[in-house]
Amino acid sequence: MTKRTYGNEYGFQTRAVHTGNDVDGETGAIKRPITMANSYELPYDPTAMNWSSAAGNLYTRNGGSNQKYLQEKIASLEGGEDCIVLSSGVAALSGLFFALLESGDHVIFSSVTYIAVYRLLHELLNNKFHVETTIVDTSDLEAVRKAVRPNTKLIHIETPGNPTLTVSDIRAIAEIAHENGVLLSVDNTFASPFNQRPIELGADFSIESLTKYINGHGDAMGGSITGKKEYLDIIRAQSQINLGGTISPFNAWLIMRGSVTLPLRMRQHNENALAAAKWLEAQPCVSFVAYPGLPGSDGYETALSQMAPGFGGVLSFGLKADHDTHNRFVSQLKVITSAVSLGHDESLIVFLGEEDERQYLYPEKFHNGFFRFSVGIEDIEDIIGDLRQAMEKTGLL
């Protein structure tokens with residue numbers, strides 16, 4: 001029998017270790033095995049079966065064993081009733097939007113979001129399927145309230161936002177949404193459920209790119225949607241089974257393995273990112289640092305109220321330098337790797353130049369090019385030392 005440790009009688013770290021795991025009935029192994037089958041044995045008379053059902057094991061596109069184990073764990077960590085795990089964070093986002101929205105519906109979404117959200121809502125669903133969308137600075141509650149229309153179906157926010165770290169008040173926006181009969185979804189990837197649990201703050205859905213912090217090792221892709229079963233049954237039928245965005249058993253197993261150390265890793269990410277942000281803020285060559293854990297920063301008080309015990313491992317910063325100097329600075333880094341993604345064990349940095357198509361949505365301080373910096377779990381002395389030596393070699397210090 002599966003150890004179902006969903007309740008608050010167990011702590012977050014205990015649930016990260018145990019939920020979804022059990023002794024394998026056939027071998028006695030104390031970890032769930034990888035079940036790489038794409039098909040499962042049918043009953044004696046299969047003629048009455050629903051071939052598009054997610055109940056039981058039938059065909060891995062409908063849902064496989066490793067996926068189900070991981071779903072148990074994510075639902076527990078998010079504090080949600082049910083969970084769907086799909087092939088990537090974008091599959092989770094598109095799966096949510098596809099299943100819930102129809103032509104003529106209206107969506108409000110954060111002006112600072114992952115690029116796929118901007119593409120899906122501002123362009124693809126809008127142009128192809130006539131879903132109306134409004135881009136709003138969701139850190140401004142009055143702007144959110146004014147954007148609501150009679151046909152508004154969903155408010156989608158990302159907090160902290162990618163890449164400016166903009167913080168939106170989940171509890172307050174949930175109240176605005178529900179007063180108007182609107183659903184609220186929150187992309188929680190930058191925070192992870194260790195630091196922030198949107199459903200406990202009133203959101204209807206929490207979305208994670210499992211590729212990032214929950215996996216934590218940069219070696220697997222997945223995405224999750226957590227929420228009420230009545231909605232997730234719709235999403236599972238339409239976006240998993242009929243669109244086929246199913247996670248592979250191996251990726252589900254890898255993410256399950258990585259999730260065990262999420263609490264330990266997040267404590268170090270939180271600690272290192274705050275220390276790096278404070279150090280960068282003190283450097284004369286740095287034009288700005290955006291990190292919700294810096295006292296006095298935009299969104300700090302809201303972050304304090306909804307992010308505990310920390311503020312995540314991602315920050316953004318700019319240099320008082322031209323375009324080429326930003327690139328030369330990156331070329332001198334030794335510990336920090338120039339690469340996209342975030343939430344890995346290693347520190348990653350990416351230079352976002354002056355020509356970003358969404359720059360008009362960012363605060364002015366981001367307009368001269370900046371770095372998104374995912375601070376890893378290395379020794380903080382080595383991370384800061386790497387930043388310092390690269391600045392020195394580039395002539396910034």
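Only the coordinates and a few stated rules stand behind these numbers; no lab work does. Since the structure is predicted, the reported quantities are computational estimates derived from the model, not experimental observations. Every residue, glycine as well, gets a Cβ built from its backbone with ideal geometry; the counts of neighbours run over all protein chains shown.
Calculated FRET efficiency, residue 287 to residue 393, Cβ-Cβ distance, R0 = 30 Å: about 0.95 to the nearest 0.05. Computed on region 55-146, the Cα convex hull volume stands at 134 Å³ per residue. Modelled spin-label separation between residue 328 and residue 228, with each label point placed 7 Å from Cα along the Cα-to-Cβ direction: 5.8 nm. Highest mean packing first, where packing is the average number of other Cβ atoms within 10 Å per residue, the peptides 125-132, 13-20, 108-115 line up as 108-115, 13-20, 125-132. Peptides 318-325, 180-187, 133-140, 211-218 ranked from most to least packed by the mean count of surrounding Cβ atoms within 10 Å: 211-218, 180-187, 133-140, 318-325.
Here the gap between residue 10 and residue 140, fully extended at 0.36 nm per residue and compared with their Cα-Cα distance, gives a gain of 43.2 nm. Based on alpha carbons, the Rg and Dmax found for region 163-269 are 15.0, 42 Å. Give the shape of region 260-331 as rounded, prolate or oblate, defined through the alpha-carbon gyration tensor: a ≥ b ≥ c are the square roots of its eigenvalues, a/c under 1.5 means rounded, and otherwise the shape is prolate if a/b is larger than b/c and oblate if not. It is oblate, given that a/c is not under 1.5 and a/b is not larger than b/c. Equivalent ellipsoid of region 260-397: semi-axes from √(5λ) of the C-alpha gyration tensor, largest first, are 23, 19, 14 Å.
Compactness check for the chain: Cα Rg over 2.2 N^0.38 Å is 1.00. The lysines within cross-link reach of residue 128, meaning a Cα-to-Cα straight distance under 22 Å and a gap of 8 or more places when in the same chain, are 153. Here the label points at residue 175 and residue 52, each 7 Å from Cα along the C-beta direction, are separated by 4.1 nm in the simple model. Between amide H atoms placed 1.01 Å from N, distances below 5 Å from residue 184 occur with 155, 204, 205, all of them 5 or more places distant or on a separate chain. What percent of all Cα-Cα pairs in region 78-131 falls into each 5 Å bin, going from 0 up to the bin containing the maximum distance? Per 5 Å bin, starting at 0, the Cα pair percentages come out as 4, 17, 27, 24, 17, 8, 2, 0.
Near the amide H of residue 133, under 5 Å away, which other amide H atoms are found, from residues 5 or more places off or on another chain, if H is placed in the peptide plane? Under 5 Å from the amide H of residue 133 lie the amide H atoms of 107, each far enough along the sequence or on another chain. Note on residue 250 and residue 339: the extension gain reaches 29.7 nm, defined as 0.36 nm multiplied by sequence separation minus the Cα-Cα distance. Going down the table (31/68; 320/393; 68/212), which pairs top 18 Å between alpha carbons? Among 31/68; 320/393; 68/212, the Cα-Cα distance tops 18 Å for 68/212. Taking region 8-35 and a reference point 7 angstrom along Cα→Cβ of residue 200, the backbone N atoms nearer than 19 Å belong to 8-20. Phi-derived couplings, Karplus 6.51 cos²θ - 1.76 cosθ + 1.60 at θ = phi - 60°, listed residue by residue for region 297-308: 6, 4, x, 4, 5, 5, 4, 4, 7, 10, 10, 8 Hz, with x used for Gly and Pro. Between amide H atoms placed 1.01 Å from N, distances below 5 Å from residue 152 occur with 106, all of them 5 or more places distant or on a separate chain.
Apply the membrane-span-like helix rule to the chain: whole DSSP H runs, Cα extent along the own long axis of at least 30 Å, mean Kyte-Doolittle hydropathy at least 1.6. List the helices found. Membrane-span-like by this rule: not one helix. Cβ-Cβ distance of residue 39 and residue 238, R₀ of 22 Å, FRET efficiency by 1/(1 + (r/R0)^6): the value works out to about 0.50.
Each of residue 128 and residue 305 was given a label point 7 Å from its Cα along the Cα-to-Cβ line. The distance between the two points is 3.8 nm.
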